[in-house]
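The values are calculated or read from the model by the stated rules, or taken from the named source; none is laboratory data. A quick note: this is a predicted structure, and the numbers were derived from the prediction, not measured. FYI the Cβ positions are ideal-geometry reconstructions off the backbone, even for glycines, and counts take in every protein chain you see.
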Amino acid sequence: MTKTTADKEFIDEIYQDIDLLESIKIQSFLLDIAIKVKQLRQKRGFSQRVLADKIHSTQKTILNLEKGKPVTTETLYKVFKALGVSPVIGFE
(Lines give C-alpha, C1' and ligand atoms only; values in the text may rest on other atoms or scores of the structure.)
Protein backbone atom coordinates (compact mmCIF):
# COMPACT_ATOMS: atom_id res chain seq x y z
CA MET A 1 0.00 0.00 0.00
CA THR A 2 1.48 3.34 -1.02
CA LYS A 3 0.75 6.60 0.70
CA THR A 4 -0.72 9.32 -1.44
CA THR A 5 0.13 12.97 -1.10
CA ALA A 6 -3.23 13.45 0.63
CA ASP A 7 -2.36 10.71 3.14
CA LYS A 8 0.99 12.36 3.90
CA GLU A 9 -0.66 15.75 4.31
CA PHE A 10 -3.25 14.25 6.66
CA ILE A 11 -0.51 12.63 8.76
CA ASP A 12 1.40 15.92 8.85
CA GLU A 13 -1.75 17.70 10.08
CA ILE A 14 -2.20 15.13 12.85
CA TYR A 15 1.39 15.66 14.04
CA GLN A 16 0.89 19.42 13.96
CA ASP A 17 -2.25 18.98 16.06
CA ILE A 18 -0.32 16.79 18.53
CA ASP A 19 2.39 19.46 18.81
CA LEU A 20 -0.27 22.12 19.36
CA LEU A 21 -1.97 19.99 22.01
CA GLU A 22 1.33 19.48 23.83
CA SER A 23 2.01 23.21 23.72
CA ILE A 24 -1.42 23.88 25.18
CA LYS A 25 -0.85 21.36 27.97
CA ILE A 26 2.51 22.93 28.85
CA GLN A 27 1.04 26.43 28.88
CA SER A 28 -1.87 25.23 31.03
CA PHE A 29 0.60 23.69 33.49
CA LEU A 30 2.62 26.91 33.67
CA LEU A 31 -0.55 28.99 34.17
CA ASP A 32 -1.69 26.71 37.00
CA ILE A 33 1.63 27.35 38.75
CA ALA A 34 1.40 31.08 38.01
CA ILE A 35 -2.08 31.38 39.52
CA LYS A 36 -1.13 29.44 42.63
CA VAL A 37 2.06 31.44 43.20
CA LYS A 38 0.21 34.74 42.83
CA GLN A 39 -2.53 33.60 45.23
CA LEU A 40 0.01 32.50 47.82
CA ARG A 41 2.06 35.68 47.43
CA GLN A 42 -0.99 37.86 47.92
CA LYS A 43 -2.20 35.73 50.84
CA ARG A 44 1.17 36.31 52.55
CA GLY A 45 0.87 40.04 51.86
CA PHE A 46 4.01 40.11 49.72
CA SER A 47 4.46 42.40 46.76
CA GLN A 48 6.29 41.00 43.76
CA ARG A 49 9.29 43.08 44.82
CA VAL A 50 9.28 41.67 48.37
CA LEU A 51 9.07 38.09 47.09
CA ALA A 52 11.85 38.79 44.60
CA ASP A 53 14.04 40.20 47.37
CA LYS A 54 13.40 37.11 49.50
CA ILE A 55 14.73 34.87 46.74
CA HIS A 56 17.53 37.26 45.72
CA SER A 57 16.03 37.79 42.29
CA THR A 58 14.23 40.53 40.38
CA GLN A 59 10.64 41.69 40.37
CA LYS A 60 10.60 40.89 36.64
CA THR A 61 11.29 37.22 37.43
CA ILE A 62 8.22 37.10 39.69
CA LEU A 63 6.19 39.00 37.10
CA ASN A 64 7.18 36.51 34.41
CA LEU A 65 6.39 33.57 36.67
CA GLU A 66 2.96 35.01 37.43
CA LYS A 67 2.35 35.49 33.70
CA GLY A 68 2.95 31.79 33.11
CA LYS A 69 6.35 32.18 31.51
CA PRO A 70 8.90 29.43 32.13
CA VAL A 71 11.34 29.85 35.01
CA THR A 72 14.04 27.53 36.28
CA THR A 73 13.28 24.79 38.76
CA GLU A 74 15.74 26.48 41.11
CA THR A 75 13.68 29.67 40.98
CA LEU A 76 10.48 27.73 41.61
CA TYR A 77 12.09 26.01 44.58
CA LYS A 78 13.18 29.34 46.06
CA VAL A 79 9.73 30.87 45.50
CA PHE A 80 7.97 27.93 47.16
CA LYS A 81 10.38 28.07 50.09
CA ALA A 82 9.89 31.84 50.48
CA LEU A 83 6.13 31.32 50.44
CA GLY A 84 6.41 28.57 53.05
CA VAL A 85 4.98 25.80 50.91
CA SER A 86 6.18 22.51 49.46
CA PRO A 87 5.00 21.49 46.01
CA VAL A 88 3.30 18.14 45.67
CA ILE A 89 4.16 16.46 42.41
CA GLY A 90 2.15 13.60 41.04
CA PHE A 91 2.45 11.54 37.92
CA GLU A 92 -0.32 9.78 36.09
Any residue at all in the stretch 23-41 that's in a loop (DSSP other than H, G, I, E, B), in contact with a helix residue (DSSP H, G or I) (Cβ under 6 Å, 6 or more places away or on another chain) and at negative phi?
no
Pick from the stretch 51-92, criterion among the small types (Gly, Ala, Ser) and loosely packed, with under 15 Cβ neighbours inside 10 Å, ranking: modelled with the lowest pLDDT:
90
Aliphatic (A, V, I, L, M), touching a Pro at 6+ places or on another chain (Cβ under 8 Å), in a helix (DSSP H, G or I) and touching a residue at least 24 places away in the same chain (Cβ under 8 Å): is that true of residue 76 in this structure?
yes
In the stretch 10-27, which residues are without any contact (Cβ under 8 Å) to a residue 40 or more places away in the chain and surrounded by 11 or more Cβ atoms within 10 Å (Cβ to Cβ)?
10, 11, 26
Residues of the stretch 54-92 being over 12 Å from the mean Cα position of the chain (by Cα) and of a type in the set (Asp, Glu), which ones?
74, 92
